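Undergrad: Got a structure here, written out as structure tokens. Questions coming.
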Amino acid sequence: MADHFPTTHSTWLVERIDRAPDEARAHVMARYFDPLCAYVRSSRLRGLGEPADLVNAFFAARVADAGYLARWTASGLPLRRWLANGLLIHARNTALAARRQSSRREGIDLEELDRTAQLRLADHETDALLALERRWAIRTVTEAHERVRSELDTEGRSAWWELFRLHTVHARTYAQACGVTGIPLTSASSVHRQVVDRLRATLVAILERDGIRQEDIDNELALLQDLLES
């Protein structure tokens, strides 16, 4: 299979953060805009504005900071969780600053406002994190599927992808799938296994590119499967 991605996190995103920060930021914003919007839509943050506006404001204020992604590399967190933390803090701080400014004009006790605001601050809402994770999973698996399908098309093996799709996605038997694709039934199991192996390798490369540590890869692959089946 063509090698689209570096084999380790340190050879791509960390190096891009250090040597080409604009490229790293563009990658992060493109990959995580939709998952973060899904997070906002499923949280109380949606009361602060449109999801796209809140996420773009967060990107402009925090991700544009040259040191923000560098700090993530030392956090030990998956990138999506680091970004969700940052979005939550940024949105709440922005809302609190606006409330303080309005309250100052209206003569409200600012110390009491701060105490009340802190009491209302909570950890991530479960539904919001689940929405984030699901959208991330869909984007990740979709990217892997598109890449493998494109590779097989280029190699003249489009029938391989069709057999995989019919058997795995549509639960057709090998005999049924072979009747559509023209692949010999004796080769069906081997072909399916090779496509599955390609998909796994591509998913691993995508996860590593986005900063998942090697020792966490198996858990992340299992999480992807669970999220897509739930």
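Undergrad: If you scan the stretch 206-230, which residues turn out to be surrounded by 13 or more Cβ atoms within 10 Å (Cβ to Cβ) and outside any helix (DSSP H, G or I)?
TA: If the condition is that a residue be surrounded by 13 or more Cβ atoms within 10 Å (Cβ to Cβ) and outside any helix (DSSP H, G or I), then D210, G211, I212, R213 are the ones that fit.
Undergrad: Moving to a separate point now. In the stretch 189-205, which residues are surrounded by fewer than 19 Cβ atoms within 10 Å (Cβ to Cβ), of a type outside the set (V, I, T) and free of Cβ contacts under 8 Å to residues at least 40 places away in the same chain?
TA: S189, S190, R193, Q194, D197, R200
A short reminder: the numbers here are calculations on the coordinates, not readings from a lab. None of the values given here were measured: they were computed from a predicted structure. Ideal geometry is used to build each Cβ from the backbone, glycine not excepted, and the neighbour counts take in all protein chains shown.
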